[in-house]
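First comes the structure, then the notes that go with it.
The values are calculated or read from the model by the stated rules, or taken from the named source; none is laboratory data. Everything numeric here is computed off the predicted structure, so don't read it as measured data. Ideal geometry is used to build each Cβ from the backbone, glycine not excepted, and the neighbour counts take in all protein chains shown.
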Amino acid sequence: MDIRAEVVEMAQEAERQGLIKYKSGNFSVRDKYSGYIYITPSGIARRNLLPEMISVLDQNGKILSSPYKPSVEYLMHVKIYQKRDDVYAICHSHSLYATTFAIAGMEIPPVSREAVHYGAITIPVADYAKPGTEELADNVVKALQGYDCCLLKSHGVVTVGENAEDAIIKLIYVEENAKEFFNLTLLGAKFQPISL
Ligand SMILES: [Zn+2]
């Protein structure tokens, strides 16, 4: 699949899964050959996204082509790719349960088998910084050292993967696991965190 179409599919799949609403969240794929970053634009409802609306940046974040403004969080994507040469796709959303824990500043333990999709780790929380800032990008890069997902304090969640499908699957299961952990907490139930 063409990379632009792949990025559109990521955003639309996230919306179908109920992980983003309307214009929120941002998604990118890095081209293995050129190293260029293909990222969703800001201000376009995800259901109306077309491949030609996707922004293209170089490895340093220089805009090569962008019919619309690139995502406000493009610096976060650029810095993650710079630090993680194993990462070729990134998702960011404000999915309800993961974001609830992000607001609370609480890490999420791996409670169900589905957590193996993101390494069965306890999901860390990146320190707070204003959206769209270099400080936020740096905080997220730091939190992702050795992890493929993290919460953004008082904001949302980021997952990274070796390709678009891998990053989306992690986003789906981080939310599932967050919901299960939330429900277990409500039940006051004891549980054993799972491991790989
Ligand atoms: Zn956000």
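Given (1) modelled with pLDDT under 95; (2) touching a His at 6+ places or on another chain (Cβ under 7 Å); (3) not polar (S, T, N, Q), where does Ile90 come up short, assuming only one miss?
(1)
Part of a loop (DSSP other than H, G, I, E, B), surrounded by 13 or more Cβ atoms within 10 Å (Cβ to Cβ) and within 15 Å of the chain's Cα centre (by Cα): does that describe Ser24? Walk me through how you get there before you give the answer.
Details: part of a loop (DSSP other than H, G, I, E, B): yes; surrounded by 13 or more Cβ atoms within 10 Å (Cβ to Cβ): yes; within 15 Å of the chain's Cα centre (by Cα): yes.
Taking the combined requirement at face value, the residue satisfies it.
Which condition number in (1) within 18 Å of Ser28 (Cβ to Cβ); (2) out of contact with any strand residue (DSSP E or B) (no Cβ under 7 Å at 6 or more places or on another chain); (3) acidic (Asp, Glu); (4) away from the ligand (no atom under 16 Å from the Cβ) is the one that Glu134 fails?
The one condition Glu134 does not meet is (4).
What strands (runs of 3 or more DSSP E), lying completely within segment 47-157, carry at least 3 residues that are small (Gly, Ala, Ser)? Lay out the reasoning, then the answer.
Working: elements: 55-57, 63-65, 89-93, 149-152.
Result: empty, no element qualifies.
Looking only at segment 36-88, count every residue that is surrounded by fewer than 16 Cβ atoms within 10 Å (Cβ to Cβ), among the acidic types (Asp, Glu) and under 24 Å from Glu135 (Cα atoms) and tell me the total.
Within segment 36-88, residues that are surrounded by fewer than 16 Cβ atoms within 10 Å (Cβ to Cβ), among the acidic types (Asp, Glu) and under 24 Å from Glu135 (Cα atoms) number 3.
Whether any residue in segment 71-87 is free of Cβ contacts under 8 Å to residues at least 60 places away in the same chain, of a type in the set (Val, Ile, Thr) and touching a Lys or Arg at 6+ places or on another chain (Cβ under 9 Å) is what I want to check.
Keep residues of segment 71-87 that are free of Cβ contacts under 8 Å to residues at least 60 places away in the same chain, which gives 71, 74, 77-78, 81-82, 85.
Checking which are of a type in the set (Val, Ile, Thr) leaves us with 78.
Adding the requirement that they be touching a Lys or Arg at 6+ places or on another chain (Cβ under 9 Å) leaves none.
Within segment 71-87, not a single residue is free of Cβ contacts under 8 Å to residues at least 60 places away in the same chain, of a type in the set (Val, Ile, Thr) and touching a Lys or Arg at 6+ places or on another chain (Cβ under 9 Å).
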